[in-house]
Every structure is written in structure tokens, then in C-alpha cells.
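This report concerns only the one structure given below.
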């Protein structure tokens with residue numbers, strides 16, 4: 001057997017150590033895509049700084065925009081508790097100044113049916129075993145501008161219980177299966193039949209059609225005279241979820257498939273004729289109250305002073321984890337090649353059904369308690385309104401969330417800037433303050449819809465050190 005000299009063996013071992021280090025560091029820096037020096041423990045080093053994490057409730061003040069998809073349904077999550085979502089919206093007449101029912105106002109119109117059509121736009125939760133949802137529809141009475149569904153630009157917040165309007169008595173109800181919504185169904189109209197899919201159609205009381213047919217075009221008082229008068233006579237619809245099922249469905253109110261349809265008949269020249277009038281949601285005047293009630297282990301974690309696990313529930317009324325990194329204060333002046341917050345997803349009850357949020361956001365909380373400070377050195381905003389999430393991170397990969405905070409850490413160790421408490425959360429949108437610009441930079445889009453996603457992460461005191469939430473730094477001495 002051929003023997004090798006000790007020097008040759010040392011050379012080979014060193015080569016593979018360097019190769020392994022380089023591969024390991026490059027694999028871990030897919031975030032940002034910049035090649036950094038390999039860790040050789042001679043000129044380039046790697047360290048993981050411990051963190052102190054704590055769970056807390058957060059209030060996402062996002063408002064329901066006209067283009068937002070609204071959540072609907074009931075979730076009973078053994079790990080996180082309950083979520084219940086209802087929504088309300090108004091509709092407008094096809095036009096104003098003219099009567100929409102043919103041929104004229106003094107014609108006797110017989111209402112055949114009234115149908116509410118809602119454009120389905122996705123779901124979250126247990127859509128297979130518990131994907132049945134019960135919906136009840138109410139007409140929202142007009143009780144004055146300050147107490148009724150508004151159609152102005154002030155908008156409603158997702159977490160505002162006063163936006164969960166109700167009516168006196170149900171005008172329609174239906175139970176549907178989420179999994180069946182992508183199946184096409186045949187709809188008959190006066191002009192013929194056609195197929196629709198991804199639409200929930202709810203039969204409403206004919207009395208609503210009669211009410212709409214009896215409105216006039218009289219100036220100032222007629223419902224068809226102008227939009228503001230129409231909404232005092234028909235304020236909108238409240239869509240209420242039952243407690244069955246274990247999922248949220250999402251609906252697009254701005255889609256043309258979302259509409260209120262009145263099917264009617266009238267006599268013209270002794271001949272029975274059919275017609276339809278369609279009312280669509282074309283202006284602001286929508287709410288989506290999402291009631292989140294902490295339960296299970298998430299509720300228990302809120303009383304722990306130092307969390308071994310981090311619980312992130314998507315907003316609104318979700319949760320956040322505060323992150324303190326004491327070791328940064330004494331780290332010393334180094335050249336920071338890469339600094340990243342790493343959070344590991346842990347197994348939890350029903351996590352195959354209730355999946356992680358699409359994206360988490362990391363920002364800062366100042367020493368005086370002010371929150372929503374942008375990590376503007378690392379999360380870059382383009383002049384075109386783009387947000388640099390690709391380089392900053394925040395989406396899950398291989399059960400890990402990574403955030404590139406290299407410039408932020410460099411400013412602490414070199415310029416002795418403040419070592420802030422960090423905040424990890426899952427908002428729909430975030431209003432962030434930029435210290436560099438001295439102003440708010442606007443509402444940053446983070447996730448596509450509300451209440452979609454939750455995740456349990458290893459906290460700063462988690463038993464397994466490889467799954468702890470930590471700050472990983474690759475650096476060189478000055």
C-alpha cells in the first residue's frame with residue numbers, strides 16, 4: 001500500500017476544508033447573490049450571535065382597499081386559535097339619470113329572481129375535509145352617514161369590529177364547498193345560457209328586486225338620480241360566515257363577476273318579455289372584519305418573558321416577535337461580509353393545513369418604543385416603487401427564513417449606530433419610517449391577502465442551537 005507524506009496529507013485535508021467552507025458559505029448566501037470570502041478561520045471568520053426573543057400581539061392598521069381580496073370563513077387552529085371573517089360592500093346602479101328596468105318606470109315588473117354573484121379568488125386552510133362554508137346575506141340599512149356603510153375615501157380597517165355591519169333579517173343564504181368552486185356551472189340569462197366557474201351564486205329574496213325596481217329617477221330623491229342618493233336607499237350587503245368549516249375563502253369584489261343581478265319579466269305589446277339589471281361594486285365602500293382570537297400554544301406564549309418558540313400569526317390582529325441581539329454591542333469594529341437573521345420553522349400541530357405566510361417582514365423598534373422603522377440600508381426601495389425583497393429576504397426556503405442585514409450590522413460595529421430591537425411579523429402592508437429620509441416611505445406591500453399563514457419558529461432560547469433564531473455574521477478583522 002502506497003504511503004503519503006504527512007505534508008501531502010496536510011495539504012489534501014486543508015484543500016477539502018477550504019472547499020467545504022467555501023461551498024457552505026456560498027450555499028448560505030443565496031440571499032442577495034453576492035459572492036463573499038470563504039470562511040477559513042485565518043482571515044475570514046463566522047460567528048452566530050444569540051438573540052433574546054419575545055412574542056407579542058400586533059395591530060396591523062391596514063385599510064381595506066377597493067382592489068383587496070376579502071377574507072371569509074372560520075378557522076379553528078389547535079396551535080393558534082380561531083379566526084372569523086365577514087365582509088360588507090355596496091353596489092352601484094348601471095347608470096344614473098335613467099331607469100334601468102325596461103321599458104319604463106310605470107311598467108309592472110315581475111321579479112323572477114335576485115342573485116348575488118361573488119368572484120372566488122383562493123382559499124387558505126382545510127379546504128378538503130372541512131371546506132364547506134355557510135354564508136348568510138343581509139341588507140345593510142341606512143341609518144345616517146356616520147353609522148352606515150360609507151362609500152368615501154376614508155376606508156375601513158381590517159381589525160375594526162364596528163365595520164362588521166349587520167341587517168335586520170337574512171335575505172339569502174347558501175352552503176357551498178370550496179373545492180367545487182372551480183367546477184363550471186350553467187347559468188341561464190334572457191340572452192341565453194353560459195357557464196361560469198370560480199363564482200359563488202347566492203339566491204336572495206325577490207323583495208330586494210322589487211325595492212330596486214320601485215326606485216325612481218326623480219332628482220334629489222330618486223334612487224337612480226345619483227350615486228349618493230342610491231346608497232341611502234340601498235346601502236349595501238353584509239356577507240356573514242357561519243361557524244362550520246375550517247378555512248378562509250377569498251373573494252374579489254372589484255371583479256366584474258361580483259355583482260347583484262335582478263331577473264325580471266314585463267309585458268310589452270301583450271308579449272311576456274324577460275330582462276336583467278346588474279349592479280356592480282365600482283367605488284369605495286367595502287369592509288372586511290377579520291377577528292383573530294389567540295388560542296393554543298400561541299396564547300400561552302404571550303405570557304412568557306423569554307420565548308423558546310416564536311409564533312407568527314398573519315395580520316390583522318396577529319403577532320410579532322421582538323428580537324434583541326446583546327452581543328452586537330461588544331462585537332468590535334470588523335469588516336462585515338455578510339450578516340443575516342436566520343429563523344427556523346419548527347413542526348407544529350396542523351402545519352400541513354395551516355401553512356406559513358408568503359413573506360415575513362423584519363423592521364426596527366427604537367429605544368423609545370416607536371415601531372415600523374425601515375431597515376433602509378438593506379431593504380432598498382426603487383424609484384419606480386419596487387421593493388428589494390429578493391436581496392433582503394423574508395420568504396421561506398428549506399424551512400428557513402433569512403434576512404440580509406449586512407449594512408445595518410456594519411453601521412453598528414463601525415459607526416456605533418444604535419443597536420435597535422428588531423421586529424419580525426407578517427403584515428398585509430406596512431407603513432415604514434425611513435430615518436435616512438426623515439419621513440414615511442409609504443405603505444409597503446408584504447403579503448397578498450390578510451390572515452393567510454402562520455408559523456412557529458425556533459426562538460432565541462430554543463433547546464436545539466441549530467434551530468434558534470440567531471444573527472449569523474461572516475467577517476474579517478480590520
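Nothing in this text is a laboratory measurement; each read-out follows from the coordinates by a stated rule. Since the model is a prediction, treat every value here as computed from it, not as a measurement. Here the Cβ positions follow ideal geometry from the backbone for every residue, glycine too, while neighbour counts run over all protein chains shown.
Viscosity 1.002 mPa s, temperature 20 °C: give me the Stokes-Einstein translational D for region 104-148 in µm²/s, with Rh taken as the Kirkwood radius over C-alpha pairs.
Estimated diffusion coefficient is 136 µm²/s.
What Kirkwood Rh does region 356-451 have if only Cα atoms enter the pairwise 1/r average? Answer in Å.
Taking the inverse mean of 1/r over all distinct Cα pairs, region 356-451 comes out at 14.0 Å.
Over its Cα atoms, what ratio of radius of gyration to 2.2 N^0.38 Å does region 389-440 give?
Against the compact-globule rule of thumb, the ratio is 1.34.
For the chain, what does -39500 (n - 2.57) per DSSP helix run (n ≥ 4), summed and divided by total residues, give at 222 nm, in deg cm²/dmol to the nearest 500?
-3500 deg cm²/dmol, from helical runs alone.
Order the peptides 445-456, 428-439, 291-302 from the highest to the lowest mean number of other Cβ atoms within 10 Å of their residues.
Going from most to least packed, we get 445-456, 291-302, 428-439.
Residue 273 versus residue 45, label points 7 Å from Cα toward the beta carbon: distance in nm?
Distance between the two pseudo-spin positions: 8.8 nm.
Would you mind checking the tilt of helix 6-27 against the longest principal axis of the Cα atoms of the chain, expressed as 0 to 90 degrees and rounded to 10?
20
Viscosity 1.002 mPa s, temperature 20 °C: what is the translational diffusion coefficient of region 175-292 from Stokes-Einstein with a Kirkwood Rh over Cα pairs, rounded to a whole number of µm²/s?
Translational diffusion coefficient: 125 µm²/s.
Report, to the nearest 10°, how far helix 406-415 tilts away from the longest principal axis of the Cα atoms in the chain, using its own Cα long axis and a range of 0 to 90°.
The helix 406-415 is inclined about 50 degrees to the chain.
If you take the beta carbon distance between residue 416 and residue 466 as r and set R0 to 35 Å, what does 1/(1 + (r/R0)^6) give as a FRET efficiency, to the nearest 0.05?
0.65
What FRET efficiency comes out for the pair residue 243/residue 329, r = Cβ-Cβ distance, R0 = 51 Å, nearest 0.05?
After rounding to 0.05, the efficiency reads 0.55.
Can you give the FRET efficiency for residue 305 and residue 226, using 1/(1 + (r/R0)^6), R0 = 51 Å, r = Cβ-Cβ distance, to the nearest 0.05?
After rounding, the FRET efficiency stands at 0.30.
Show log10 I(q)/I(0) for region 210-273 at q = 0.25 Å⁻¹, two decimals, from a solvent-free Debye sum over equal Cα scatterers.
Log10 of I(q)/I(0), two decimals: -1.13.
What is the Cα radius of gyration of the chain over 2.2 N^0.38 Å, N being its residue count?
So the Cα radius of gyration is 1.25 times the expected 2.2 N^0.38 Å.
Which value in Å does the Kirkwood hydrodynamic radius of region 59-111 take, with 1/r averaged over all unlike C-alpha pairs and then inverted?
So the Kirkwood estimate lands at 16.0 Å.
Distances longer than 31 Å among the Cα atoms of region 81-292: what percent of all pairs is that?
Summing the P(r) tail past 31 Å for region 81-292 gives 21 percent.
Taking the simple approach of a point 7 Å from Cα along Cα-to-Cβ for both residue 179 and residue 201, what is their distance in nm?
2.3
Given N residues in region 231-362, what is its alpha carbon radius of gyration divided by 2.2 N^0.38 Å?
For region 231-362, the normalised Cα radius of gyration is 1.84.
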